[in-house]
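Asker: Got a structure here, written out as C-alpha cells. Questions coming.
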Amino acid sequence: MDGFAHLAAGGYPPKKTPEVIDLLEELIEGETAGDPMSGRKWLRRDLRQLSQDLQQVGITLSHVTVRRILKQQKYSLKANRKEHSESTVERDRQFRYIERVKRLFIWAGHPVISVDAKKKELIGNFKNPGRSWQREAEEVDVHDFPSDAVIKATPYGIYDVIHNLGYVYVGISADTPQFAVDAICRWWQRKDRPRLAHENKLLILCDAGGSNGYRKRNWKKQLQESLVDPCNLEVMVCHYPTGASKWNPIEHRLFSFISLNWAGIPLRSLKIMLNLIRGTTTNTGLKVYAALIKRIYPTKVKVSDQDMASLNILKRSICPHWNYTIKPRSGLDSKV
C-alpha cells in the first residue's frame, strides 16, 4: 500500500493511465490466475468490489470501466466448473492465507519464489503450437512420436516474485521431487541471484500436485536434507489448492511468456530450447535465465515413516496439509 499512500499525497492520475493500471494490478495480484500457454488471465474478485476498493484509495472508476481495463490487460471471465473435494470455504481460506503470508515475507525482506514444472517437451523436428514471423513456414515431421524425439526435456521453473526474475532448469531425466529441489538449490546458490536483507527464511509457493506436491514425502525429505540443513535456512511451503495451479504466479508471470516466445518454433535441440527461454522478456522487465541439468534422478523413491519422523516439520494451524515450515535440524533446541 506504500504506492497508494505516495500517490495520494501528490494527487491521483487520470483514469486509464499506466499509473492507474499499475494500482489495479497491485490490488488484484493475489486474485489472479493465468493460462501458461495462451497468456490469458482471470480473476476471483467481483468487479464491483474492485471498484469499491479503488474508491478507498482515491480513484473513482465504475465497474464497467474496470471491466474494460481488465479486458485490455487480457483478463477474461471464466465459467463455473464442478467443485473439487475440498470445501469452497477451505479453498478460499487457503487463497487468503497465501496472500497474507506472501505479503508478510516481502515486508520482512525475505525471498519469495513461485515454482512449478512446465509440461514436458519433445526435442526434435516436431511442430510447436502457435505462429512466428518468418519468411517461410518450418518443415516439421507429420507425426509427433515420442520415439522419434532426440530427448524429452522437463523445464522446472522458479519465479522470483520480488525481483520479477525467472530461472528455468531444464532436466533430461524424470520430473521427481529430487529434481525439483535440486533446481531450487541451484537457484539459491547462484552468485548472480539478487540478495535480500534477511535470507534466513524462504517462502515457496507451489501446486498441490506434481513433483512438489504436498503428498510427496520425498519432496519434504529433499528440502530438509538438500536445502534447509546445509544452508541453515528456514523454508515455509504454501501449496495452492488441488486444481488451482493456474493461480500460482509462475503460470502467468513466467510460463505463459515462454510459451509465447517459442510459439511456432520447433524445439529441434536443447540449445534452441535454452536460448528461447533466455530470450523471453516482457514490457514489465521480466528477465529469464536458463540452465541444463544432465543429472539422472531415480524414480519411485520410498520414504519411510522413520525418515518422515526425523524431519523438522512444523504444520501451520491453517490448512496444515497445505502449509508447513521446515526448520534446520541443527537448531532444534534453539529459537529460529
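Asker: Would you mind checking which residues have amide H under 5 Å from residue 287's amide H? H placed 1.01 Å from N; only 5 or more apart, or other chain.
Answerer: Residues meeting the amide H criterion: 166.
Asker: Counting other beta carbons within 10 Å of each Cβ, put 259, 62, 226 in order, fewest first.
Answerer: In increasing order of surrounding Cβ atoms, one gets 62, 226, 259.
Asker: Sort 192, 116 so the one with the fewest other Cβ atoms within 10 Å of its own Cβ comes first.
Answerer: Lowest to highest Cβ neighbour count: 192, 116.
Asker: Counting only the backbone N, which residues of region 224-268 are under 18 Å from the spot 7 Å out from the Cα of residue 190 toward its beta-carbon?
Answerer: Correct set: 227, 249-259.
Asker: Using a Förster distance of 30 angstrom, determine the FRET efficiency expected from the C-beta separation of residue 68 and residue 88, and round it to 0.05.
Answerer: Efficiency computed from Cβ-Cβ geometry: 0.55.
Asker: Modelling each spin label as a point 7 Å along the Cα-to-Cβ direction, I'd like the residue 329/residue 172 distance in nm, to one decimal.
Answerer: Going by the 7 Å Cα→Cβ label model, 3.3 nm.
Asker: Follow-up question, since we're still on this one. Counting other beta carbons within 10 Å of each residue's own, what order do 255, 105, 95 fall into, fewest first?
Answerer: Ordered by Cβ neighbours within 10 Å, fewest first: 95, 105, 255.
Asker: I would also like to ask the following. Across region 220-231, in residue order, what do the Karplus-derived ³J(HN,Hα) couplings come to in whole Hz, using 6.51 cos²θ - 1.76 cosθ + 1.60 with θ = phi - 60° and x for Gly and Pro?
Answerer: For region 220-231, the Karplus curve yields 5, 5, 5, 4, 5, 7, 9, 10, 5, 5, x, 9 Hz.
Asker: Once you've got the Cα coordinates, tell me which of 201/294; 294/327; 119/152 are over 21 Å apart.
Answerer: 201/294; 294/327
Asker: Which of the three applies to region 88-331, rounded, prolate or oblate, going by the alpha-carbon gyration tensor with a ≥ b ≥ c and a/c under 1.5 meaning rounded?
Answerer: Prolate is the answer for region 88-331, as a/c is 1.5 or above and a/b outweighs b/c.
Asker: Between residue 267 and residues 5 or more places away or on another chain, which pairs have amide H atoms under 5 Å apart, with H built 1.01 Å from N, and which residues are they?
Answerer: Under 5 Å from the amide H of residue 267 lie the amide H atoms of 124, 126, each far enough along the sequence or on another chain.
Asker: Taking amide H positions as placed in the peptide plane 1.01 Å from N, state which residues far from residue 57 in sequence (5 or more) or on other chains have amide H under 5 Å from it.
Answerer: When sequence neighbours closer than 5 places are left aside, there are no close amide H contacts.
Asker: Shifting gears a bit: Using Cα pairs closer than 8 Å and at least 6 residues apart in sequence, work out the relative contact order for region 88-331, in percent.
Answerer: Rounded, it is 26 percent for region 88-331.
Asker: Is any residue of region 175-191 close enough, with backbone N under 11 Å, to a label point placed 7 angstrom from the Cα of residue 308 along the Cα-Cβ axis, and if so, which?
Answerer: none
Every number here is computed from the coordinates shown, using simple stated rules; none is lab data. Keep in mind the model is a prediction, meaning the values are calculated, not measured. Using ideal geometry, Cβ is built from the backbone for each residue, glycine included, and neighbour counts are taken over all protein chains shown.
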